1. So for the pair residue 359, residue 405, with labels modelled 7 Å out along Cα→Cβ, what separation do we get in nm?
2. Based on the Cβ-Cβ distance of residue 302 and residue 226, what FRET efficiency does E = 1/(1 + (r/R0)^6) give at R0 = 25 Å, to the nearest 0.05?
3. What does the charge count around residue 808 come to, taking other residues whose C-beta lies under 15 Å from its C-beta (Lys +1, Arg +1, Asp -1, Glu -1)?
4. Roughly how many Å is it from the Cα centre of region 633-665 to that of region 738-780, as a whole number?
5. What is the extension gain from residue 268 to residue 243, computed as 0.36 nm multiplied by their sequence separation minus the C-alpha to C-alpha distance, in nm to one decimal?
6. In whole angstrom, how long is each semi-axis of the equivalent ellipsoid of region 620-681, when you take the square root of 5 times every eigenvalue of its Cα gyration tensor and sort them from largest down?
7. Need the full-extension length gain, residue 535 to residue 716, defined as separation in residues times 0.36 nm minus the C-alpha distance. One decimal, nm.
8. Report the calculated FRET efficiency for residue 677 and residue 732 (r = Cβ-Cβ distance, R0 = 51 Å), to the nearest 0.05.
Amino acid sequence: MAKNLKLNIKNLQLAGALKSKKEEGGEESPAKKGETESAPKQRISRLREDSSISSALKQAEKTLAARDRDKEKEVVDLSPKKRKSRLIQEPGLSEKEEAVPVIENEAPPQIEEPPAPAKSVEEVSPSTPTQVLEKTPTPKAESPSAAPKPAHTSPAPAAPFANEAPKAALDIRRAKELKPQKKKEEMRFDSRDRQGLRDTENEAWRKRRAHKPKRYVQEEVVRPKSLTIRLPITIKDLAQDMKLKASQLIAKLFMQGITLTLNDYLDDATVVQLLGHDFGCELKIDTAEKERIQITGRSIKQEIGESAQDVLVLRPPVVTFMGHVDHGKTSLIDAIRKSNRVAGEAGAITQHIGAFKVSTAAGDVTILDTPGHEAFSEMRSRGANVTDIVILVVAGDEGMRMQTDEAIRQAREANVPILVALNKCDKPNFDAQKIYRELADRDLLPEAWGGTTIAVQCSATSGQGVTELLEMIALQAEILELRAQPNARARGTILESEMHKGLGAVATVLVQNGTLRKNDAIVFGHYSGRIKTMHNDHGVTVDIAGPSTPVKITGLSELALAGSEFIVVKNEKEARELAEARVEGMERHTMAQAKIGSLEKMMAKKESGEKKILPLILRADVQGSLEALKNSLMKIKSDKVRIEFVSADVGEISESDIELAAASKATIVGFHTRIESHAADLIKQKNISVYTQDVIYHLIDEVKNRMRLLLDKLEKEIEVGAAVVKAVFKSSQLGNIAGSQVTEGVIKRQSNIRQQRGNNIIWRGKLASLKRVKEDVKEVQKGFECGIVLEGQSDVREGDIFQAYDITYLEQDL
């Protein structure tokens, strides 16, 4: 490298010597001049072609310019010291043009210069590092053979401008050798090294960019003073809106006795507002979305009451027949409608809610028939909520029963008047006074005893008193002045829903206000639909249904929940949007429900582990029956078995139900429904237990029986006899033979034996052999001697007692 450096400097000095000779007046021959100038120019042209060398030289120019600016302020100390110099090596250069890498030395190298006079630095090349010395004077260069002198010594005045010669040499050395000391860069092993892309031998030097540390300026958080939020809301979202940390809210709630996590929901408006008050933020609850989803906050009665009197018209009364099972409710309705619905009922009891519109001499009446069985409490409650008058049917030969008291309670909760029908008045054991006394005990004093409760004696079989009953209904309706607005949008209640095989979801609805028309878009619960067909109670297609009219409608998106309210909206698109918003709100509300604590989970898990589980798949014909069946099964009390509903739906038993039962090992229970024809073979193939029934209490009894079969039978030991060992004989084939005498009962060959020694039972098992004299016998009676060999027991001693017993298995109770 030193050799290359010397060659480069010799070429520069040669060019300077030629120029100085020309200035002195001597001209060279053209041939010699051409040879002298051609060599440096070729090298300079090659240096100019390399862009990487030019960039490095420019960087060196900037460094030298900065040092020249500081020259006036500082005294340059050129004393020998450690310094660095760096030249750039570019691939493709000749050996003479090879750049010199970083050289660390204690003093500048001694350079041998040719005796020819040096040219001025300005004439070398504009792209060389000496370009930055253009502003400096260009005196004659020092003799090449002279060694560089230190800065603190003055040169000898050998020639004119001799004092400026060392200055020029100094500038050259400064441009070539003296560079600011830089920290040696360390090569780092990075992704380029891993991929083999780094060429460490031919890589050019590149200045590292100065690292500027980032300044982190903490911005001041401005917390809002008031917010409007929607409930329920998670703690995470609330903290984000309030510009707080979620841990702050959790800690504040914990101090108030509420343990919640980051993603738990807050749905109590009072708790949320108090939480905002603690952090100086006023929280307002946004109810606009809730009101939009709800469509209207007024009930049907409030909407009718707020309407103008001139748009209201009289409507038929809605009458609900309620009472105990088998007291004649459906028979009375048949007597009024001139129909025979009783003949088509399974088990001679009503198990579905019915809705009919009847035209009588006293006017039109809408009648609702409710089941009397205890399982259908929800149906009776729905009937009481939508009715105007409750007809309490009481059998005169039986009196008040449990469901009668329940009907009275539900009618009072709904705040509707009660009219009593004393049925079966044609029977010989009919006792009206007994019924009056029982009514009086329940604060229903009849008119015959000076009260206000209307009581009519009638008979569904003979038709006696039916006309009078209709007149009392019309009189009560006239007193109530029942009115509705037929031109308003239709609103009402879904009484029952079912899944029809050809029509899909079908719902029986009662229009309570407005007029329902075909193709109307409705919203019911969390679902929507557009009415395609409407049928009355006789199955006749109708296009409109006014107030107090029950109809069956189709075109629903999903099976309607019995008891939910429906309302007509502008179009089907709006109905779908409202239904989707309601579903989203329901999911948020479900997630906001309080979670069971860890201790409660542990106790519930322990409790469930101790109990047997009976998985069930329920299928029913209508939604109300499914609800009644599910509630009835949940009321079965047992500390040993619990019921788990894998699925509960409306419709026929399908292949998917059978596949689900096979996967979950569940029993399929069908109420008033059938099995699909192509699913019957799959039941035999999968060996699935399926039980269908049309009478609800038979179905409940069957489920109870299946719950009992899950329980392990209890073992009960029954003592049958005892024998005492008198002597022990050893046998090479049989082992120890116990010569015994039967002291109690009888010892049988198949009996179980307990071996008692002292007060301890040391062995339990079976008899291997029982002999009397030398013959095998089946049993030995009391007082006789016998030989006994125990199966698998050789430890037999004199005085041991053999107790014989039989085991019987008893079924457990729920």
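The values are calculated or read from the model by the stated rules, or taken from the named source; none is laboratory data. From a predicted model like this one, the values you see are computed outputs, not experimental measurements. Glycine also receives a Cβ, built like all others from the backbone with ideal geometry; neighbour counts cover every protein chain displayed. SASA here: full protein model, heavy atoms, side chains in, ligands and nucleic acids out. Shrake-Rupley method; radii C 1.70, N 1.55, O 1.52, S 1.80 Å.
1. 4.4 nm
2. For residue 302 and residue 226, the calculated efficiency is 0.15.
3. Once all neighbours under 15 Å are counted, the net charge is -3.
4. Cα centres, region 633-665 to region 738-780: 50 Å.
5. 6.9 nm
6. 22, 16, 8
7. Length difference between fully extended and current span is 58.9 nm.
8. Calculated transfer efficiency: 0.10.
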